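The values are calculated or read from the model by the stated rules, or taken from the named source; none is laboratory data. This is a predicted model, so every value here is computed, not measured. Positions of Cβ are generated from backbone atoms using ideal geometry, with glycine treated the same way; all protein chains shown enter the neighbour counts. All accessible areas refer to the heavy atoms of the entire protein, side chains included, with ligands and DNA or RNA removed. Shrake-Rupley method; radii C 1.70, N 1.55, O 1.52, S 1.80 Å.
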Amino acid sequence: MIFPLEQLVKFSDNVYEATVAASRRAFQLAMTKDKSLEENDGKSVSLAAKQIFGSEIKYEKVAAIEGK
């Protein structure tokens, strides 16, 4: 799969937040060895980006911890 540029162009939320979420999701997919990676030739970043920018999964912004 190729990076979902078309979905990125149509994306109306904060692209920076979505990119960070996609990065974290890619890490999750890689660490859990998710079975959907096999269908995507092991490309966790592309799969995560598709999931985030295609609204297949949701993410939420967590407030920063004070004092850290």
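State, to one decimal in nm, how far the label point of Gln28 lies from the label point of Ala63, with both points 7 Å from Cα in the Cβ direction.
With each label point 7 Å from Cα toward Cβ, the separation is 2.2 nm.
Along the stretch 39-55, what does the Karplus equation 6.51 cos²θ - 1.76 cosθ + 1.60 (θ = phi - 60°) give for ³J(HN,Hα), rounded to whole Hz, x for Gly and Pro?
Computed from phi, the couplings for the stretch 39-55 are 6, 10, 6, x, 8, 5, 5, 4, 5, 4, 4, 4, 5, 6, 6, x, 6 Hz.
Taking only Cα atoms of the chain, what ratio of Rg to Rh do you get with Rh as the Kirkwood inverse-distance radius?
Computed over Cα atoms, the ratio is 1.02.
Could you work out the local net charge near Ser12, counting Lys and Arg as +1, Asp and Glu as -1, over the other residues with Cβ closer than 15 Å to its Cβ?
-1
Could you compute how much accessible surface Thr32 exposes when probed at 1.4 Å, giving the result in Å² to the nearest 10?
Answer for Thr32: close to 100 Å² accessible.
About the Cα centre, and with charges only on the beta carbon of Lys, Arg (+1) and Asp, Glu (-1), how big is the dipole of the chain? Nearest 20 debye, please.
In total the dipole reaches around 140 debye.
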